[in-house]
1. Where in region 344-421 are there helices (runs of 4 or more DSSP H), lying fully within it, with 2 or more residues that are touching a Ser or Thr at 6+ places or on another chain (Cβ under 9 Å) and of a type in the set (Phe, Trp, Tyr)?
2. From the list Gly322, Gly338, which one is at positive phi, touching a residue at least 12 places away in the same chain (Cβ under 8 Å) and surrounded by fewer than 18 Cβ atoms within 10 Å (Cβ to Cβ)?
3. Going through region 81-97 one residue at a time, which ones are more than 13 Å from the ligand (Cβ to nearest atom) and touching a residue at least 12 places away in the same chain (Cβ under 8 Å)?
4. Need pairs with beta-carbon distance below 9 Å; first residue free of Cβ contacts under 8 Å to residues at least 12 places away in the same chain and within region 185-212, second part of a helix (DSSP H, G or I); sequence gap 6+ or separate chains.
5. I need the full set of residues from region 21-39 which are surrounded by 24 or more Cβ atoms within 10 Å (Cβ to Cβ) and not in a loop (DSSP other than H, G, I, E, B), in order please.
6. Against the definition (more than 16 Å from the ligand (Cβ to nearest atom), crowded, with 19+ Cβ neighbours inside 10 Å and more than 21 Å from the chain's Cα centre (by Cα)), how does Ser5 come out, yes or no?
7. Residues that are touching a Leu at 6+ places or on another chain (Cβ under 6 Å): list the helices (runs of 4 or more DSSP H) wholly contained in region 100-186 that include at least 1 such residues.
8. Of the residues Asp523, Asp542, Asp472, only one is closer than 18 Å to Ala377 by Cβ and without any contact (Cβ under 8 Å) to a residue 12 or more places away in the chain; which?
Amino acid sequence: MPPSSLRVVYAFAREMHPKTTDVFIQYGTAGFRTKASLLEHVVYRMGLLAVLRSRVKNGRTIGIMITASHNLEPDNGVKLVDPDGEMLEQSWEEIATRLANVSDNDLESTTAEIIKQVNSDMALKASVYIGMDTRYTSPRLAAAAVHGVMALKGTPKEFGIVTTPMLHFCVKCRNDNTYGTPTEEGYYEKIVGAFKNISQKLPVVGNYNTTLYVDGANGVGGKKLNIIKKSLDGELDLVLFNLGGNGGKLNLNCGADFVKVSQKPPVGIEHVPFQRVASLDGDGDRLIYYYVDDKNEIHLLDGDQIAILLASYITELLKSCGAQELRLGLVQTAYANGASTRYITQELKVPVTCVKTGVKHLHHAALSYDIGIYFEANGHGTVVYSKEAKNVVRKIAEEGEAEQRKAAQLLLNFIDVTNETVGDAISDLFLVESVLRARGLDVRDWAALYRDVPCRQLKVTVQDRNVISTTDAERQCTSPEGLQTKINELVSKYPSGRSFVRASGTEDVVRVYSEADTQESADKLAAEVAQAVFDLAGGVGDRPEL
Ligand code: G16
């Protein structure tokens, strides 16, 4: 494509997707995320960038997902997916931010500069897959992405409404046909098919029961499970609620983020004591389990517990295969409950790495193990298996002793249930159910593995959340001055106290996390730290109450 053709980049912008706001926007924890009304020009420009990225990757397919995941309905967002189905390479985030913020008048020249900077060969073909969540603003934004791709003569392919992990999966399959078929059906075939294989190998034993309630957060994940449900031949009896009907609003008083942060069950169903319930988030990339007891108290089984369940089962299978030489490790963030980290290192004897929030950081760290399990406490995570690990297991499945072969075949099915590209609520749900079934566990048996330290999360609104800087995987705050000293002082008053603060990369807030020996103390510590943030970091609105 000759450089003179870049004129169309400006023409499309001016005519169809003009930049109508001067609010600066940044590629954050999971792409650009803000009020949907401020995003159209940003998404158009990400269509342009996806084409350049595809050409830099020799024409391999790039993904664009339109979603604001756990955020409420008025927000929306956009993120780019790299060829192996992983998040956009971090060095390109700054380029994305630059392109999103230039004026329409400077768009053509900035695009030309970026083409030069990244050395994108404009003669190459470019392919871009586009998916969206169920928000009413998503179709309009997806159209803007298509226009961006067309402006630079790339080939867009629209997937319509899909979960975020489905789009990641399809991108990966398109670039690596050994992974699967790049369609929604291909996803069901591989992931659900492998789960059915496991279920047929494992009879229902012990306390496990096949009924699972699922809170769909009124988003896309529940809708897709409703399709899957019909193909499950009694292996799992899904009772779905919050599917978007009856006026239910996306992520409002329901969904994984609501359940995890508020530590309350979602609306939408009458809870039966001790019933196993799974809660998805709005775009189907996070999963939290919980049950309500006979005193109406909720017990959460969050990302930490899911990671532990998967790690212990994979360790057991590796042992049964005789493949203990494969290095298994776990990756968490500062939000991981202290009790979970102790359990993993002391009981499971599995190494743990702590990294910054954002699956992109966790995924990267997990790749350094033969088998890397990563989960944020909020339920976002998956397992990644190295080529070497897969080869070892495959060889045992073919050549091992009878018992070893059996375990290796089960592990191969387990690998196929996993969406290795990114955290995936549907795939994770089938992994968890496989382990509970294999071990004959009820949700209470699972919860009894260890006890969480009481914790609390709060949000504080400040004038500019960028005044907060952190270090040590976000566990220490380096600015504003005096805030970390104040946090240390507050924490020292509480037995088993721990607290940290960080700026959210998906919402315009500062997040506060605390742990202490009792729930009352954890709540109080969080409120005191929230007040310190409000006072020292320019809080707006009402000062948080104790
Ligand atoms: C996204 C990211 C997660 C992150 C979460 C909250 O989740 O993918 O890794 O934990 O945002 O991030 P922050 O605390 O920076 O707002 P989702 O489910 O919203 O895509």
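1. Where helices (runs of 4 or more DSSP H) fall fully within region 344-421, none carries at least 2 residues being touching a Ser or Thr at 6+ places or on another chain (Cβ under 9 Å) and of a type in the set (Phe, Trp, Tyr).
2. Testing whether each residue is at positive phi, touching a residue at least 12 places away in the same chain (Cβ under 8 Å) and surrounded by fewer than 18 Cβ atoms within 10 Å (Cβ to Cβ) leaves just Gly322.
3. Of region 81-97, the ones more than 13 Å from the ligand (Cβ to nearest atom) are 82-85, 89-97.
Result: Asp82, Pro83, Asp84, Gly85, Gln90, Trp92, Glu93, Glu94, Ile95, Ala96, Thr97.
4. Pro203/Arg437
5. Across region 21-39, the qualifying residues are Gly31, Phe32, Arg33.
6. Numbers: more than 16 Å from the ligand (Cβ to nearest atom): yes; crowded, with 19+ Cβ neighbours inside 10 Å: no; more than 21 Å from the chain's Cα centre (by Cα): yes.
No, not satisfied.
7. Once the helices (runs of 4 or more DSSP H) in region 100-186 are filtered for at least 1 residues that are touching a Leu at 6+ places or on another chain (Cβ under 6 Å), what remains is 104-118, 138-151.
8. Asp472
The values are calculated or read from the model by the stated rules, or taken from the named source; none is laboratory data. A quick note: this is a predicted structure, and the numbers were derived from the prediction, not measured. Here Cβ is always computed from backbone atoms with ideal geometry, including for glycine, and neighbour counts include all displayed protein chains.
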